[in-house]
Amino acid sequence: GYGSHTFKLVNSEGVAHYCKFHYKTSESKNLLPNKAGPISGDDPDYAIRDLYNAIERKEFPTWKFQIQVMTFEQAETYKYNPFDLTKVWSHKDFPLIDVGTMTLNRNPEDYFSEVEQIAF
């Protein structure tokens, strides 16, 4: 998946760029629609429990973390507004740059303080 929002990042030389974040799963576990529908209705916590149990089994899920980078100058002349949430930056114009891997390697000890409050 990718984030629809555009962020401003500043490098160690103080030069700012616009950036989009991309996370691509290393797993390919998906439910078919004929199973996903009933599960979502009967067991809305299925996905979070599946994630929790995988981490407990030390089957740590990973995502490839990549970014797209656009200079301020490119943003001024690009064919559309880079902040428009209805548009996706072309990978041809702004290729994905590998940053690293995100791994979930532990479950929260205090769900409220480590997960629920993170939004605030």
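The values are calculated or read from the model by the stated rules, or taken from the named source; none is laboratory data. Remember, it's a predicted structure, so these values are computed and weren't measured experimentally. In this analysis, Cβ positions are derived from the backbone assuming ideal geometry, glycine residues included, and neighbour counts consider all displayed protein chains. The protein model used for the area step is the full one, side chains on, heavy atoms only, and it has no ligands, DNA or RNA in it. Shrake-Rupley method; radii C 1.70, N 1.55, O 1.52, S 1.80 Å.
Some observations on this one:
- Number of the exception - LEU51 against (1) in contact with a Leu (Cβ under 8 Å, 6 or more places away or on another chain); (2) exposed (fewer than 10 other Cβ atoms within 10 Å of the Cβ): (2)
- The set of residues in the stretch 17-70 that are closer than 25 Å to ASP98 by Cα and among the acidic types (Asp, Glu) comprises GLU27, GLU59.
- When the stretch 29-61 is filtered for residues that are β-branched (Val, Ile, Thr) and at pLDDT 95 or above, only ILE55 remains.
- The set of residues in the stretch 101-120 that are open to solvent by 70 Å² or more (accessible area, probe 1.4 Å) and of a type in the set (Gly, Ala, Ser) contains only ALA119.
- Boolean, LEU96 is loosely packed, with under 12 Cβ neighbours inside 10 Å and not charged (D, E, K, R): no
- Of the residues making up the stretch 1-18, those that are open to solvent by 50 Å² or more (accessible area, probe 1.4 Å) and of a type in the set (Phe, Trp, Tyr) are TYR2, PHE7.
One line per residue, one yes/no per condition, for (1) of a type in the set (D, E, K, R); (2) over 23 Å from GLY3 (Cβ atoms); (3) open to solvent by 90 Å² or more (accessible area, probe 1.4 Å):
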site	(1), (2), (3)
LYS20	yes, no, no
TYR23	no, no, no
ASN30	no, no, yes
ALA47	no, no, no
GLU73	yes, no, yes
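- Whenever a residue of the stretch 35-51 is in contact (Cβ under 8 Å) with a residue 12 or more places away in the chain, its partners that are surrounded by 10 or more Cβ atoms within 10 Å (Cβ to Cβ), lying with C-beta atoms within less than 9 angstrom and at least six residues away or across chains, give the pairs LEU51/PRO61; LEU51/LEU104; LEU51/ASN107.
- Tabulated pairs, the stretch 62-77, first over 30 Å from GLU27 (Cα atoms) and aliphatic (A, V, I, L, M), second open to solvent by less than 70 Å² (accessible area, probe 1.4 Å) and modelled with pLDDT of 95 or more, C-beta under 8 angstrom, 6+ apart or interchain: ALA75/TYR18
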